[in-house]
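**Q** Take a look at this one; I'll ask things after.
The values are calculated or read from the model by the stated rules, or taken from the named source; none is laboratory data. Predicted, not measured: the structure shown is a model, and the values here were computed from it. Note that we place each Cβ from the backbone using ideal geometry, even for glycine, and neighbour counts take in every protein chain shown.
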């Protein structure tokens, strides 16, 4: 059975969409737990011999290795930070991202950018599209990622 969420009926019996109060969570209830709505993971392709270098790269961004489920061990590697994961899919011929990319907000933007550069990663400064510094960097497998000082939210510069 499918249950429709967020719809109420007005005094005339017409369906009206319920509005969420400003500032209210966008989570969902599952049993007695409240789940946050979030992007849970991103998967990228790497060669197996790039695993250690990719884990080291993501440690610089605050992620820590975690054990994947037994059925996936040996051909995937996972790192995690605050419930968000990056899954490395081991393949003989990985296809790194070109322009498409994932993005991560870091607490200490300047320190993180310096740590990436000190570790030999080429960091390219991005445009300041929302009054917050951001940069682009490729992981050791060549996948493009954005490192942000804060997430983009209006008002936008120039408006």
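**Q** Does residue 76 satisfy the condition of being closer than 23 Å to residue 46 by Cα, more than 17 Å from the chain's Cα centre (by Cα), surrounded by 11 or more Cβ atoms within 10 Å (Cβ to Cβ) and in contact (Cβ under 8 Å) with a residue 12 or more places away in the chain? Spell out the reasoning first.
**A** On the way: closer than 23 Å to residue 46 by Cα: yes; more than 17 Å from the chain's Cα centre (by Cα): yes; surrounded by 11 or more Cβ atoms within 10 Å (Cβ to Cβ): yes; in contact (Cβ under 8 Å) with a residue 12 or more places away in the chain: yes.
Answer is yes for this residue.
**Q** Mind checking whether some residue in the stretch 115-135 is touching a helix residue (DSSP H, G or I) at 6+ places or on another chain (Cβ under 7 Å), in a helix (DSSP H, G or I) and surrounded by 11 or more Cβ atoms within 10 Å (Cβ to Cβ)?
**A** yes
**Q** I'm trying to understand the selection: among the residues of the stretch 35-50, which are surrounded by fewer than 15 Cβ atoms within 10 Å (Cβ to Cβ), assigned to a loop (DSSP other than H, G, I, E, B) and either touching a strand residue (DSSP E or B) at 6+ places or on another chain (Cβ under 8 Å) or modelled with pLDDT of 90 or more (or both)?
**A** Scanning the stretch 35-50 gives 37, 38, 39, 40.
**Q** With respect to residue 111, determine if the residue is without any contact (Cβ under 8 Å) to a residue 12 or more places away in the chain, assigned to a loop (DSSP other than H, G, I, E, B) and more than 13 Å from residue 44 (Cα to Cα).
**A** Details: without any contact (Cβ under 8 Å) to a residue 12 or more places away in the chain: yes; assigned to a loop (DSSP other than H, G, I, E, B): no; more than 13 Å from residue 44 (Cα to Cα): yes.
Taking the combined requirement at face value, the residue does not satisfy it.
**Q** Here's a follow-up. Checking the condition in contact (Cβ under 8 Å) with a residue 12 or more places away in the chain and on the phi > 0 side of the Ramachandran plot, which residue from 142, 102 passes?
**A** Numbers: 102 fails: on the phi > 0 side of the Ramachandran plot.
It is 142.
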